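Here is the structure we will look at.
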Amino acid sequence: MSVTVDYLVHMTHDHTNDTSIGTDGLGTCVGIIARLNNGNTYCGHLSCEMQGIAANVQTITERTQTIMNERLNPINVASLHVATTSNGLDTNAMITGIQNTYPAIVVTRLEGTGLYWDGNNVAAINNSVIGTTQGPTDDQGPLNVTN
């Protein structure tokens, strides 16, 4: 069963004040939904180009924190949810980096290939998220942890 949202984010990142927003296609990527203090909702994909080995975990965590601080100032974030289907070292390091960036916020980890906010709650789904409005597919790309 798929879910339909007002705005679909494709492997990129964007924010909206629409009723609902979501993304799918999560595997080793981490989907992010942040509710902001101004009432907007931020949705994005966080990917990692670094190899998920023990020697890279600290670097992945630190670079994730840098990306998240630049994209979403912690002072502006009211709540944050993440979703993935991976338990790889790289994915877990990205989630740790997110948790470290927002220590005052409980970062809820959900399991699923899609993540969406329906206007009331954040949920994960193991199926498609369909958007009434489609976001751009290639102009921004995911938030990417790189070497």
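The values are calculated or read from the model by the stated rules, or taken from the named source; none is laboratory data. As the structure is a prediction and not an experimental result, all values here were calculated from the model. Quick note on the areas: whole protein, heavy atoms, side chains included, nothing else; ligands and nucleic acids left out. Shrake-Rupley method; radii C 1.70, N 1.55, O 1.52, S 1.80 Å.
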Nonlocal amide H pairs with Leu110, under 5 Å, H built at 1.01 Å: Val82, Ala83, Thr84
Accessible area (Å², per residue) of region 40-89, counting only protein heavy atoms and a probe of 1.4 Å: 47 Å²
Share, in percent, of DSSP beta bridges within the chain that are antiparallel, nearest 5: 60 percent
Mean separation of Cα contacts under 8 Å, 6 or more apart, over the residue count of the chain: relative contact order %: 38 percent
Region 17-78 and region 102-134: distance between their alpha carbon centers, rounded to Å: 12 Å
Area of Glu49 that stays accessible when all protein chains are in place (1.4 Å probe, Å², to 10): 120 Å²
In sequence order, calculated HN-Hα J values of region 108-125 (Karplus, 6.51, -1.76, 1.60; Hz; x Gly/Pro): 8, 9, 10, 9, x, 8, x, 9, 8, 10, 9, x, 10, 9, 9, 8, 10, 9
In degrees, nearest ten, helix 89-101 long axis to first principal axis of the chain (Cα): 80 degrees
Probe 1.4 Å - accessible area at Leu26, Å² to nearest ten: 10 Å²
Relative contact order (%) - region 32-85, alpha-carbon pairs under 8 angstrom, separation at least six: 54 percent
Fraction of accessible area attributable to carbon and sulfur, region 22-69 (%, probe 1.4 Å): 43 percent
Between helix 57-71 and the chain: long-axis angle, C-alpha atoms, 0 to 90°, nearest 10: 40 degrees
Sum of -39500 (n - 2.57) over DSSP H runs of 4+, divided by residues of the chain (222 nm, nearest 500): -6000 deg cm²/dmol
